[in-house]
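> I have a structure I would like to understand better, so I am pasting it below and will then ask my questions one at a time.
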Amino acid sequence: SGEFYRHATTEASQATLASVSPVFAVMKLDKEGNTTCFEKKKTELYQELGLQARDLRFQHLMSIATRNNRIIMRMEFLKAVITPEFLLILDYRNLNLEHWFINELASQLAGEGQLVTYSLPFEFRAIEAILQYRISKLQGRLNTLQPQILETLEALVDPKLLSVDRSKLHILLQNGKSLSELETDLKVFKETILEILDEEELIEELCLSKWTDPQVFEKSTSGIDHAEEMELLLENYYRQAEDLANEARELRVLIDDSESIIFINLDSHRNVMMRLNLQLTMGTFSLSLFGLIGVAFGMNLESSLEEDPRIFWLVTGIMFLGSGLIWRRLLSFLGRHLEPPLPPHVPAVLKKSQPAPGRVEVKNSLKAEAFGLSRSALTN
């Protein structure tokens, strides 16, 4: 009776867990681009696909793995399962990607659009469509950040500004954080692709038709094996991600250089204010030094000088003349100690041959402008 009770309790608990298992909103796309939407429990879904429950857990933000002749992909929020016959998009309702699903993805899988894997099996088209979607999203984020960063930096590196606009700095800080997130996403994308490219077995596992229909997996008309074409496909998107990473890296370097220029401009204006303050201090000292004569005449002591009506103008002239001479003397002393030393003499050398005009390409005009501003700021 005890064993029967435990068996009945186990069955009841399993039935309870199965009834509360998560439900996936699934979009199914076949080779012809036909779209079907339905809901299915996780237990039923992984049993139909021949997978394990952990395979549909999607632990990483980006991953490409194969399980039981199925490709399980995750591109940030996009979760997909690829089979040789159809593509499943899980939890698509919260992605707001209905336009891409219906207007672009369906037509691409059916053989329309800009994919280059039309003549290859279905899994090639599905993988290329998802990778293309991910790269386009990263490219869109970079295209949005680049003009904002350039516009903000152009306003901040102006040498005429005596202070820095805090609102511009706040915008630059937010854009810098977004750029760091983009660099991290590009790094994860490249590392995920590179892990597959480094393992030949993983590349072959991505070719699902090799295990279902070996005849389809023969050499193509160009003489390249489908496994090599899968490798070329992944390398293509790896290079695109590398190009985006280089552009993001150039923006990061530009931000760092502009920050240095901003600090140089502020230091230059600060030095001008300090020099002016020092000059006024010297003038005050000079006036105070010769002002002692007026203090001496201001005492209530009798002498024969106060009877002469010309002595007032004489003492006043001596005071201002002496103060001016001392102030000029102090300024000349200050100028001698603040002037930079002359550069050493460099003998003339033969000039190297210059490249032909028009062959030098300027990649970023702001870099040249920033370099010129830094030179002018240092000269000031």
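> Using only the alpha-carbon atoms of region 23-264, report the extent along each of the three principal axes, biggest first, to the nearest angstrom.
72, 44, 32
> In addition: Which value in nm describes the separation of the simple spin-label points at Val272 and Val295, placed 7 Å from the Cα toward the beta carbon?
The modelled label-to-label distance comes out at 3.6 nm.
> Expected output is a single nm value to one decimal: the length gained when fully extending between Arg57 and Val315, i.e. 0.36 nm times separation in residues minus the C-alpha distance. What is it?
83.3 nm
> If you don't mind, another one. Quick check on packing: order 35-45, 251-261 by the mean number of other C-beta atoms within 10 Å, highest mean leading.
Ranked by mean Cβ neighbours within 10 Å, highest first: 251-261, 35-45.
We did not get these values from a lab; they are worked out from the coordinates using the rules stated. Predicted, not measured: the structure shown is a model, and the values here were computed from it. Note that each Cβ is placed from the backbone with ideal geometry, even for glycine, and that neighbours are counted across all protein chains shown.
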